[in-house]
Every structure is written in C-alpha cells, then in structure tokens.
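Only the coordinates and a few stated rules stand behind these numbers; no lab work does. What you are looking at is a predicted structure, and each value in this text was computed from that prediction instead of being measured. Virtual Cβ from ideal backbone geometry, glycine too; neighbours counted across all protein chains shown.
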Amino acid sequence: MFSRRRKVIFAIAATVVFFLGNLSSATEATLESQVDSAWNAIWTNFYSSQTNLFYDFLETLDPGATLDSLPTPEEVKSLDPNPCGYGTGMEDCAISGGIILDALIDRYANEQARGADATSLDRIKSQAKDVFTGLELLATVSGSPGFVARGVSPKAPDVCYINSSRDQVTHLTLAVWEYFRSQLSDEETRPRAAAILFAVADRMTRNVTPENDYDFLCSDGSHCRIGICRMANVEDHEAARLTAIYAVAWDAAKTLGDVDKTAEYWERWRAIASETVAQSAHIMENEDLLRRMPPYAYLQMQESLNVLYRLETDSALKDALAKTLAFISNRVAARQEGALKKLKSRDLTAVAPDWRKAGGLNGDYRVTWYAPRECGEIALTIASNCARDSFDERAVETLRDALMTPDFSKITSCGVFHLVGAYEKARRLGKL
C-alpha cells in the first residue's frame, strides 16, 4: 500500500517537473521570438541603409515609408524647427547608434558562447561595421573636427543641425571605444575608431575652457544657447563625461602604440581624475538631484563611471568608483516597477503625430514613446555596474516582463533599442 502510494507521488512529482520544465522552455522560446521580432523591427522600420543610422519615432508603419517624415535639406540648413533638430525624428541618432552598437557587441559574445556558426557571427560583425560607419558619419559630417552631430537625414546626408549635446557625445564616444576594443573591429576599422576618439578628445581640449563657459561649441563655432554642451562646471551626474572621453582616448592611443598621444591623454585624464571621482560620489548626498534625474541621465552617468572603473589604475579611486556604481544601480532599480506599469498602460502601437504640425515630439504620444525607452534605460543602468553584479532576479523578471509586453512589429518608439540592449546585456551576464 505504502509502496504504491509512494510510486503515485513520485509519478505526479515527475509529471509536474516535466510540465514546469516544458513551460520554462516555452517561455524562453517566446522571449527569444519576441527579441527576434524586436531586432527585425529595428532593422526594418528604424534603420536607413543610406546613412547607417537609426531614427527616433515613426509616423507610419507603411512598408518602405517609415522614415519618409525626416527633415529635408532645406529644413536642416535653415535649422527648422530649431538648432538641435528636436522633435524631428533624428535628434538622438548618436545615442541610438551607440545603444545598438553596444547591443551588437554583446549579441556577438552571446552567440559565440552558445556555439553559433561562422555565418551568423559574420552577419553580426557586418551589422556592427555598418552601425559604426553611421556613427563615423555623425563624427565627420559637419566638417568641424570632433563635433558629434545628433543625426543626419537620408534626404540630406551631407548636412546636420549645428547643436549637439553631452548626451550624444557620451553614447557615441563610449560605444566607439567598446567597438575599438571588441572582436568586431578589424585592421581597417580600428584606426578609424581611434581617430574619432582622438578628434572628440582634442575638441574638448580646444574648446572646453573658462572663456567658452566650458562649452565644446556648435559645429559653426557658436556657443550652445541652452547649456547642454558644457563639459565642466556641471552637475554631479555629468562630472564623469569629460574624464571618460580622455580615458578612452588614452586607452586607444596606448593600444595603437602612439607614445605621444598616450602621454598627452594620460596627462589630461589624471589632471581631473580625482576631482571627477569625488564629485560623482557626491551624488549619494544630493537627494534633490537624484529626484530630478531622468533615467537617461542615470544611464549616461553609469556608463561613464563604468569605463573609468575599468581603466582606473589608482586603487583608492577604483574603490570609490565601485561604491558610486553600486549606489546608482540600487537607486535606479527602485524605478523599475513604476516604469513597467507605465509601459503596460500605453498603446505602444500608436504612431507619432506629424511633427511639423504637432511642433515636435509633444503631447500624449511623447509619454507612449518614452515608456519602452525608460524601461530599457533603467535595466541597462543596473546591468552596467561592472564592479559588482547588481542585476538581481527582480531586475531580470521586470526586464523579461517589459520585453514580453510590446508587439514589436508595430512599435513606433526607439525605446525598442534600449530594451534589446538590456536583453543582450542581461544575456551576457548569464541572466537570460
């Protein structure tokens, strides 16, 4: 009697284990198909092979017409609607290209680890080269050395709006450095990547002076009128940007064996290293700033600190950086569930209004547009703590839920880039 009962219990237990195992596999397969759909949408709807850039939002999902609303040559040259190109669908191409290039570097490592064939790996490498080429266009199109354009329209591939920002420069520069160091660059692209890093660093040295209010200047040499190009005398979350630019330039020069540039960028980096680390750490006491900071600011701070942590040679500064990295990961993690609720409350298939009539990316659609981006930015911030694994099970499950929410074939927000970037980062950490 007891023996039969025990056999029945074991049989039921085995069935439950089998069912749960299959359920887990089905969930993973569904998540994988979701991510495949997201990548397909990125390349099909948001990417231009003419410029090798990715754009901000879509006013239509009609095949072949998703980028038709981007600015004309006349609009760009006349700085219509503004010097930044805000709200035109191409104000964040440098940020987006940086996010995608980082994601491809992670994707390559992930596919390599699981034994993907050479054809699949070569495809990712080719995609990364195209994305790098798009970032190179942004770093050269203006003709002003070291200036990073926000975007370039397929309708006007040789001109850009004159105003950039810290944000654009941060994402582009750090992504180009990651590409420079990765297996995806080669003898032909590596020197080109280094040239971008050197040009950006040299522009900072020329222009970021007290006389210019520490502004790296617009492409026409004028001052930024809204303070978004200032690289020193900034708030705590912005303090590491300039230092990271010099650090990656130093690393590239050192790797290439350029003795003079190595010494030059080392001197610039060390001159501000301690001050940068101290001001960045001060954010832990700056509750007012922490409340005001949007997720994208957390991400850019974290990625800059991450780079400095990886390259820092002073153990005391490295320890201090590790503490700030951990603090930022923990702080932003508290926003994850709220961001997910917002994502689930929006109609992510809504198309953007005509930016020329709406006056840019305004109104209710802007909340919809930012919802997936916010979820991705928060997850990326948590995952970008290279000093300590901060991506816990709660963060993993929230990201998984966010990835399972949209119909990516109909999404019109560039937030899909950040979600996919976070997925590939989490996967590389062994969490998905």
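Details
- Distance-filtered residues of region 322-355 - backbone nitrogen under 18 Å, label point 7 angstrom along Asp392 Cα→Cβ: 323-340
- Residue by residue, region 365-371 carries 3J(HN,Hα) couplings of 4, 4, 5, 4, 4, 7, 4 Hz when phi is fed to the Karplus relation 6.51 cos²θ - 1.76 cosθ + 1.60 (θ = phi - 60°); x denotes Gly or Pro.
- Sorting the segments 66-73, 235-242 by their residues' average number of neighbouring beta-carbon atoms within 10 angstrom, most packed first, yields 235-242, 66-73.
- Relative contact order computed over region 74-184 (Cα-Cα under 8 Å; 6+ residues apart), in percent: 38
- Whole-number percent relative contact order across region 330-432, with pairs defined as alpha carbons under 8 Å at least 6 apart: 37
- Within the same chain, lysines fewer than 8 places from Lys129 are excluded, and of the rest, those with a Cα less than 26 Å from its Cα are Lys155, Lys254, Lys261, Lys425.
- FRET E, pair Ser409, Val367, Förster distance 22 Å, beta-carbon r, rounded to 0.05: 0.55
- Residue list for region 87-124, given a label point 7 angstrom along the Cα-to-Cβ vector of Gln183 and an amide N cut-off under 19 Å: 101-124
- Net length gained if the chain between Lys342 and Lys318 were fully extended (0.36 nm per residue, minus Cα distance): 5.0 nm
- Between Val277, Val416, Val176, the residue with the greatest mean-square fluctuation in the GNM of the chain (Cα pairs under 10 Å linked by springs) is Val277.
- Protection proxy ranking of 407-415, 164-172, 181-189 - average other beta-carbon atoms within 10 Å, highest first: 164-172, 407-415, 181-189
- Most mobile listed residue (Thr119, Thr276, Thr44) in the chain, GNM with C-alpha springs under 10 Å: Thr119
- Here the relative contact order of the chain, from alpha carbon pairs under 8 Å that lie six or more residues apart, stands at 18 percent.
- When the chain is treated as a GNM with alpha-carbon contacts under 10 Å, the residue of Ile99, Ile328, Ile272 showing the greatest mean-square fluctuation is Ile272.
- Within the chain: Cβ-based charge dipole about Cα centre, in debye rounded to nearest 20 (Lys, Arg +1; Asp, Glu -1): 1640
- Helix-only mean residue ellipticity at 222 nm for the chain, each DSSP H run of n ≥ 4 adding -39500 (n - 2.57), per residue, nearest 500: -20500 deg cm²/dmol
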